[in-house]
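Below is one structure; the comments refer to it alone.
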Amino acid sequence: MASHFVLWVGNPPLPPETMRVPQDVMTSAGHLPDKRRGRFLAARALLAQLMLRVYGIRDLPPLIASSSGRPCFADPNLPDFSISYAGNMVGVLLAEEGGRAGLDMEIVRAHSRQAQDAFTQGLSSGEKAWINAQQDFMEAVTQIWTLRQSILKLTGEANSGIDALRLHPAAGRLRSSVYPDIQAVCDPEPTLV
């Protein structure tokens, strides 16, 4: 079985009748600011749709937060998933059975020199060399950043695992000392996913 990805662009908001999320999720979203509430509910509605279409599960199963703060199903027998937000877009990746998912999305945009330095801090010399060889510096930095964040979400390590991860973009390889069998995909048009 393959992983499944869905992307939603946020205007107009999802109609309430398509949400199919439990009342406790609706209630917990009530305290969030409007934009964040809309994205939060859209992500859960998309996840509910994926669970219905892929597994035939009509209602969104109960969710909890993992030790890293990442949402996951309370039932450990259900598949892993990952949610990401970029601007008014929401993406949900549902892993194959027994697999893990890590999704990050970023919008390529101009950043200050300080932001560029923050993005490149901690990168390997190979990653920096690859970035410098690309035509669009910010797209290249964003692509590396997005791949790294996806993998860190997948492993559940957040930024604590950043030193265990090394990308070798020129060779098309990714290395993680913690998870050696990771596969990564990056789609650079028009949003990096």
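Structural remarks
- Shape analysis of the range 4-94 yields a ratio of the Cα radius of gyration to the Kirkwood radius, Rg/Rh, of 0.92.
- Per the Debye calculation on the range 47-168 with a single equal scatterer at every Cα and no solvent contribution, log₁₀ I(q)/I(0) for q = 0.10, 0.11, 0.17, 0.18 Å⁻¹ amounts to -0.38, -0.46, -0.92, -0.99.
- Neighbour counts of C-beta atoms inside 10 Å place 128, 153, 35 in the sequence 35, 128, 153, starting with the fewest.
- Proxy reagent accessibility, fewest Cβ within 10 Å first, across 81, 73: 73, 81
- Each of 136, 80 has some number of other Cβ atoms within 10 Å of its Cβ, and from fewest to most they run 136, 80.
Any read-out appearing in this document is the output of simple, stated calculations on the displayed coordinates, not a laboratory observation. Small disclaimer: the values here were computed from a predicted structure and weren't measured. Don't worry about glycine lacking a Cβ; one is built from the backbone with ideal geometry, like all the others, and counts go over all protein chains shown.
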